[in-house]
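The next block holds one structure in the form of structure tokens; read it before the comments.
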Amino acid sequence: MRRPIIAGNWKMNMTVSEAVALVRQLKALVASVRDIDIIVAPTFTVLQAVSRELEGSNIEMAAQDVFWESSGPYTGEISPIMLKDVGCRYVIIGHSERRQYFGEANESVQKKIRASLAMKLYPIVCVGEALEEREAGKTSDVVKIQVIQCLEGFSRQEMEKITIAYEPIWAIGTGKTATPQQAEEVHAFIREQLGHITHRQVSQGVRIQYGGSVNPDNISDLMLQPNIDGALVGGASLKADSFSSIVKFKKA
Ligand code: PEP
């Protein structure tokens with residue numbers, strides 16, 4: 001009932017020519033895929049070129065961050081209307097790298113979600129625990145606080161437009177993937193928490209992606225889990241062959 005959603009987060013990589021070359025290859029490799037939402041999230045500077053390249057394809061575009069105001073004296077920031085203007089349909093919000101290096105907090109994540117929804121951008125909201133938190137048995141506490149502080153107070157219609165990415169920080173870019181069971185346990189917990197802050201039926205429809213060293217070899221087992229609805233992929237999304245293999249996980 002939940003359509004799989006697989007997104008590639010390119011992070012701070014790719015010049016315009018590299019980005020265009022990558023999406024050209026990717027478009028060809030995934031052209032036959034019809035039953036999955038496929039997304040790439042390039043850096044701001046290549047969004048326009050990538051958007052042009054994606055026209056008429058089955059791949060959508062996301063930005064990696066957004067600011068909540070629509071215009072004004074906010075040097076260096078990019079607004080939801082600007083992302084819409086350049087062809088974004090989705091926006092990643094609250095990635096752990098933004099939380100860790102740039103002071104992103106649950107309160108600002110909530111503001112960014114609200115501003116994005118107002119512009120009809122679909123937020124992909126990231127949550128996840130650090131290694132010390134997992135080792136101290138605090139995963140549920142941390143994730144619960146993130147889910148509540150980022151997502152409480154949205155209407156049913158707004159909630160339906162939000163995707164959550166569960167990304168254990170210790171698994172990002174480390175080659176250490178959570179086991180399908182570890183991931184499923186947290187995904188089920190997140191869905192349960194959503195049930196407390198929105199209608200139960202809506203919580204059943206919200207898509208929850210797993211992120212953290214996803215690759216063509218581990219995607220199928222992750223996707224077999226009942227509450228894992230897709231993936232947010234970092235490193236493996238920078239190559240057309242590995243990202244397309246992940247997108248085509250059913251045939252792997
Ligand atoms: C990410 O940055 O969202 C991510 C999951 O990265 P990687 O796949 O490289 O671990």
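When peptides 241-250, 194-203 are ranked by their average number of other Cβ atoms within 10 Å per residue, the highest-first order is 241-250, 194-203.
Relative contact order (percent) for the chain, with alpha-carbon contacts under 8 angstrom and 6 or more residues of separation? Contact order relative to length: 21 percent. Projected label points at I145 and Q201, each 7 Å from Cα along the beta carbon direction, are separated by 3.5 nanometres. Residues whose amide H comes within less than 5 Å of that of S79, counting only those at least five positions distant or on another chain, are F67 (H built at 1.01 Å from N in the peptide plane).
Amide hydrogen proximity for R207: with H placed 1.01 Å from N in the peptide plane, the residues at 5 or more positions away or on another chain lying under 5 Å are I164. Converting phi to 3J(HN,Hα) with the Karplus coefficients 6.51, -1.76 and 1.60 and the offset θ = phi - 60°, segment 145-152 yields 4, 4, 4, 5, 5, 7, 10, 6 Hz in sequence order, with x at every glycine or proline. Among residues other than L47 with Cβ under 15 Å from its Cβ, the summed charge is -3 (Lys and Arg +1, Asp and Glu -1). In whole angstrom, how far apart do the alpha carbon centroids of segment 183-201 and segment 57-87 sit? About 29 Å separates the Cα centre of segment 183-201 from the one of segment 57-87. Other residues with beta-carbon under 10 Å from the beta-carbon of I113 carry, at +1 per Lys or Arg and -1 per Asp or Glu, a net charge of +3. Sequentially through segment 43-59, phi angles give Karplus couplings (6.51, -1.76, 1.60; θ = phi - 60°) of 6, 4, 5, 10, 4, 5, 5, 5, 4, 4, 5, 8, 3, x, 9, 9, 10 Hz, Gly and Pro residues having no value and appearing as x. Annotation: amide H-H contacts under 5 Å for E60 (H modelled 1.01 Å from N, sequence separation of 5 or more, or interchain): I38, I39, V40. The Cβ shell under 10 Å around P4 holds other residues with a net charge of +1, Lys and Arg each +1, Asp and Glu each -1. A helix-only calculation puts the chain at -12000 deg cm²/dmol for mean residue ellipticity at 222 nm, using -39500 (n - 2.57) for each DSSP H run of at least four residues, averaged over all residues. When you count the other C-beta atoms within 10 angstrom of each residue and take the mean per peptide, 183-191, 16-24 line up highest first as 183-191, 16-24.
Coupling constants for segment 92-107 follow from the phi torsions by the Karplus curve (6.51 cos²θ - 1.76 cosθ + 1.60, θ = phi - 60°), and in residue order they are 7, 10, x, 4, 4, 5, 6, 5, 6, 9, 10, x, 5, 10, 4, 5 Hz; glycine and proline get x.
At an R0 of 22 angstrom, the distance between the Cβ atoms of R34 and T179 translates into a FRET efficiency of 0.15.
Each reported figure results from applying straightforward, stated rules to the coordinates on display, with no laboratory input. None of these values were measured; they are calculated from a predicted model. Using ideal geometry, Cβ is built from the backbone for each residue, glycine included, and neighbour counts are taken over all protein chains shown.
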